[in-house]
Every structure is written in C-alpha cells, then in structure tokens.
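Comments concern the structure below.
The values are calculated or read from the model by the stated rules, or taken from the named source; none is laboratory data. On a predicted model such as this, the values are computed, not experimentally measured, just so you know. Here the Cβ positions follow ideal geometry from the backbone for every residue, glycine too, while neighbour counts run over all protein chains shown.
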C-alpha cells in the first residue's frame, strides 16, 4: 500500500510527482529537493551553500510529514551540477547528519530543474 506525502513546509511538486511516498507503512521515499523556498517557489538567495541548506530543510520537512525523522534516513543521493562544489555541499549536509550519517551517493549532473545547483533525495524508515 502506498501513501502519498504532501506538506506545505516543502515546495510543491513542479511536475507529475509527489513530494514523497510511504510504502507499506515502513519505507519513505522522497522526491529530489532543490533549494527552493516553500513560501515563494523561488531559489533562496545566495549560492550552492544556501541552496543545499534549503534543500535539506525541504527534505527534513517531507521526512517528518511522512512520520519519520532524519535519524531514520537510510540512503541519500545528492545531485550537483559542479563536482567542485562537493566540499561546500558536504559541509552543509554534515550539519544535518552529524551522529549516524546514512549511506550516500553524490554525483555530478549536466543540469537540474529550474537551473538549481544541488538536488537531494532520500529513503527512510518509518515508525
């Protein structure tokens, strides 16, 4: 059984997808989150550090709306348009997963939606 997650604390989907979905009441899958302000739908001011911070806040909001918390995240995937930004992204990311970080992949991509600099998604346990 699939349960769709929708929260006003993260940006609305900009396509044919959900912010997140819980499967069988046990696993939560999020859509990739950009550094968009949920109130305006625009990117936060600044560069890759600020976009990463906001993307993580958006991810956290979806995880919590799905009945989980960041401590329960199993796997994260980070997409960035410039691998030279890895150290900055990693520094911001580490503030959200300081005790028991999940497994993670980080890859460079040619482009992200709306011209974003970083996009982050995760899989988490629920309950």
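Pick from region 11-27 the residues that are touching a strand residue (DSSP E or B) at 6+ places or on another chain (Cβ under 7 Å) and free of Cβ contacts under 8 Å to residues at least 60 places away in the same chain: which of them is surrounded by the fewest Cβ atoms within 10 Å (Cβ to Cβ)?
23
Condition check: in contact with a strand residue (DSSP E or B) (Cβ under 9 Å, 6 or more places away or on another chain) and on the phi > 0 side of the Ramachandran plot. Does residue 35 satisfy that?
So residue 35 fails the test.
Looking at this structure, is residue 86 modelled with pLDDT of 95 or more and in a strand (DSSP E or B)?
So residue 86 fails the test.
Would it be correct to say that residue 53 is surrounded by 15 or more Cβ atoms within 10 Å (Cβ to Cβ) and free of Cβ contacts under 8 Å to residues at least 60 places away in the same chain?
yes
Name the pairs whose Cβ atoms lie under 8 Å apart, with the first residue in region 102-113 and without any contact (Cβ under 8 Å) to a residue 40 or more places away in the chain, the second surrounded by 10 or more Cβ atoms within 10 Å (Cβ to Cβ) and part of a loop (DSSP other than H, G, I, E, B), and 6 or more positions between them or separate chains?
Close Cβ pairs (under 8 Å, with a partner that is surrounded by 10 or more Cβ atoms within 10 Å (Cβ to Cβ) and part of a loop (DSSP other than H, G, I, E, B)) amount to 108/81; 108/82; 109/81; 110/81; 111/81.
Go through 44, 76, 92, 63 for me and flag whichever is surrounded by 12 or more Cβ atoms within 10 Å (Cβ to Cβ) and free of Cβ contacts under 8 Å to residues at least 12 places away in the same chain.
Exactly one residue qualifies, and that residue is 44.
Within the bounds of region 98-111, is there any residue that is surrounded by 12 or more Cβ atoms within 10 Å (Cβ to Cβ), on the phi < 0 side of the Ramachandran plot, assigned to a helix (DSSP H, G or I) and modelled with pLDDT of 95 or more?
There is no residue in region 98-111 that is surrounded by 12 or more Cβ atoms within 10 Å (Cβ to Cβ), on the phi < 0 side of the Ramachandran plot, assigned to a helix (DSSP H, G or I) and modelled with pLDDT of 95 or more.
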